[in-house]
Amino acid sequence: MTKQFTLRGVSHCGTIGLCMLLSGCSSDPASGVPSDRVGALGIVEFQVEDSADETTVVGVDADGQEVGRLELIHGRFALTPMFQDDYPGQPEVDGRKMDVTIFGTKRFVYETAGYGPVMNMPAHPPGEEQLNAFLEDPQVKPILENWGIGFEPFTGLVTEMDVAESSMALKLDSGSDPGTDFHDCSSPDIDCGMPRPHSAPTVKANTCGGGTPAFVAGRVTRTVYQQPEWMIAQCCPAGSGGQSHDWFARKSCPLDDASPFNYKNTCDPHGNLVNYSMAACKSCPGYPAVAAHSCDVTYDAAHSELDWMFQ
């Protein structure tokens, strides 16, 4: 059994196989001419490393900076927490593990035991043109096909059947936020702590608001814009946060720092002190999101990642 999840900018493809989305572009290393399909990302060269148990493909721009990365393990690997339920009592399996990252953010994950072909995994959802272009590029697609991995043709169109019969596949998202010092903020807790005890000693990082605890929530600590922050992911019940349905959200909270700082953070890259005089955190754009079917937040200590998914 496998799972599919897409990490959006993670979407999931269902309960058979796990996949995530990313975008990329290609070039012919000999000619240096970017592919028409992926040139918008600025990739001018692909760098491929191949060994007996792992293949890595990295797309870089004209300055040599990494844009997109495919990491494909074909051998024994440790299952990440979200896949361990599929293989009870097996912390490791022999098979394939596929991770796709774009601009430093993990967008697609696939993990499965064994090497049976999965050439017809569901097409990437509408809006994932860049991910599709990267995985379909002549520098990338043959590598996946060699290891029995492929997808249904991408159309980018939402059909009536998509809406009526496949809405779950279109709305299943997942992702990962790197960080350390994981803290569980799930029920019965109603907040994730006090991010700025020195500059704002009364302001807490509430989860669902109104004193309502989250079904599950967690935070990690990391540095962005050369400043410390908390990154929080949470699954909340209907009736909280002004929402009529169960919902999911991500938010970031600037932390106290010994040196002067400007409150920039992941969800508020233009942050300033005024924004945080009464608030602890800022919600990332696109949230809250409906989580009517399922929602989960876990911490992958082996990879120092806060993993989340919702549908």
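Structural remarks
- All of (1) under 23 Å from Ala291 (Cα atoms); (2) surrounded by fewer than 19 Cβ atoms within 10 Å (Cβ to Cβ); (3) hydroxyl-bearing (Ser, Thr, Tyr) hold for Ser252 with one exception: (2).
Here is a yes/no grid of residues against (1) in the same structural domain as Leu306 (by TED's automatic domain parsing); (2) surrounded by fewer than 19 Cβ atoms within 10 Å (Cβ to Cβ); (3) more than 11 Å from Leu255 (Cβ to Cβ):
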| residue | (1), (2), (3) |
| --- | --- |
| Asp184 | yes, yes, yes |
| Ile190 | yes, yes, yes |
| Ser199 | yes, yes, no |
| Ala205 | yes, no, no |
| Gly209 | yes, yes, yes |
| Pro213 | yes, no, yes |
| Thr223 | yes, yes, no |
| Gln227 | yes, yes, no |
| Trp230 | yes, no, no |
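The values are calculated or read from the model by the stated rules, or taken from the named source; none is laboratory data. Just so it is clear, the structure is predicted and the values come from calculations on it, not from any experiment. Backbone-built Cβ (ideal geometry, glycine too); neighbour counts: all protein chains shown.
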